[in-house]
1. Using only the Cα atoms of the stretch 261-334, each taken as one equal point scatterer with no solvent, compute I(q) by the Debye sum, divide by I(0), and report log10 of the ratio at q = 0.11, 0.13, 0.25 Å⁻¹.
2. Taking the beta-carbon count within 10 Å as an exposure proxy, list THR19, THR215 from fewest neighbours to most.
3. If R₀ is 41 angstrom, what is the calculated FRET efficiency for the pair ASN253 and GLU156, using the beta carbon separation as r and rounding to 0.05?
4. Spelling out what I want: for every residue of the stretch 234-248, take phi, set θ = phi - 60°, compute 6.51 cos²θ - 1.76 cosθ + 1.60 (Karplus), and round to whole Hz; glycine and proline get x.
5. Give LYS40/LYS170; LYS57/LYS100; LYS302/LYS347; LYS99/LYS121 a once-over and call out the pairs whose C-alpha atoms are over 31 Å from each other.
6. Which aspartates and glutamates, on any chain, are close to LYS248 with Cα under 19 Å apart, when same-chain ones fewer than 8 places away are left out?
7. Can you flag which of LYS50/LYS212; LYS3/LYS118; LYS3/LYS88 are past 24 Å Cα-Cα?
8. Enter the Cα centre distance for the pair the stretch 270-320 and the stretch 1-33, rounded to the nearest angstrom.
Amino acid sequence: MRKYELSMSAEYVPEWGVTEAVREFFQNAIDEEVRDVGNKMFFQYDEKNKVIQIGNKHSELDISSLLFGSTTKKNNHAMIGSHGEGYKIATVVLLRLGKKVVFRNYCRKELWQPRLVKSRKYGGTLIPTFFVEQMPIWKNSPEHNLIIEIEGITQEEYQKIEASNLHLQKLEGVKETLYGSIIEGEEYAGKVYVGGLFICTEPSLEVGLNFKPHTVRLERDRNMVDSFDIKWYAARMIESLQDTNIMKRSLENYSGTYINACHVSDNIKNEIAEDFINQYGVKAVPVSNQDDMEGMKKRGYKPVVVSNSKKNIIIESEYYTDVKQILETEKEKARPLYDRFCEFVEKIENHLDADEVAMAYEFVCEIENLTE
């Protein structure tokens, strides 16, 4: 029997529990099937014996995989993991929580049995240690080359695992896009997943989002996706769907923050504008800031405050071409005189002779001095 100590404290990632640890094994199994569609993932829970089994049809583990940073997923953006730490950390967490973990490495005829052992090298500190035993003959011919068993998983713990894993759920109301999927339903509101695995909660989010791994990258602790990424790619998902109902609902919510009117169909723009007019009247104009509000009041309009995304979509509709022109004119007037004059000179420069060009740039310099 061979013994391999990991240079890792048993208290590593103290905030992780059973759910987070099992997620890592599931993540690896998913990634292996992504790499090779024939390398089917295997998963089951024996409620009576409180054992989870997870693995793949053709996978195998090499001893070198016990090295931190050792990974075959680097720069493969289709996969969820990439740091070369996942299953080692997960094993340590489960051992710390009193679970037994066994790796049945059938392809190599090896049995890996990790335990927390007091290490002489580290002054008696508990260190995760893998004991690898050669098993020349298996009683039963397995269908999967690699099976990882986790013993001691209670029904309550399994329910939490199931709730955090979309692969174990029957989903309805899912809208698929290039970037991932939007999951409707009150129980999913605010939940963020990557590759079907729960990552974090965004309280302001009114739907559930399941990002494809290539869309966002996870931090090392797998517990966070950048809030900007959530808003940005939620908007891209909604735009790609071109679903009127989802678009309308999102425009006043977190997921619609960065919806770009240029990416919305004319039909949807017009329908949203019609709804706005029907609700507030023909003199109503959408605004999203104080300056626009004051400007529209002076022109005899009824300003209604909406999100910036919704304002832009309504203004881009066929019902608001006059208002759009007014806002663009006001925006142009608000630009610094120096910037506007420089732009004007650049436009006419080719139509001037050398003396006129020199004179024009003298004016530019004078304006710049006045504005300093």
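Values quoted throughout were computed directly from the atomic coordinates according to the rules given, and no laboratory measurement underlies them. Here the structure is a predicted model, which is why all the values come from computation and not from measurement. Cβ: placed from backbone, ideal geometry, glycine included. Neighbour counts: every protein chain shown.
1. -0.23, -0.33, -1.24
2. Starting with the residue having the fewest Cβ neighbours, the order is THR19, THR215.
3. 0.75
4. Per residue, the Karplus-derived 3J(HN,Hα) values read 4, 5, 5, 4, 5, 4, 5, 6, 6, 9, 4, 5, 5, 4, 4 Hz.
5. LYS302/LYS347
6. Here the aspartates and glutamates satisfying the reach criterion relative to LYS248 are GLU176, GLU184, GLU186, GLU206, GLU239, ASP266, GLU271, GLU274, ASP275, GLU316, GLU318.
7. LYS50/LYS212
8. Spelled out, the Cα-based centre of one part sits 54 Å from the other.
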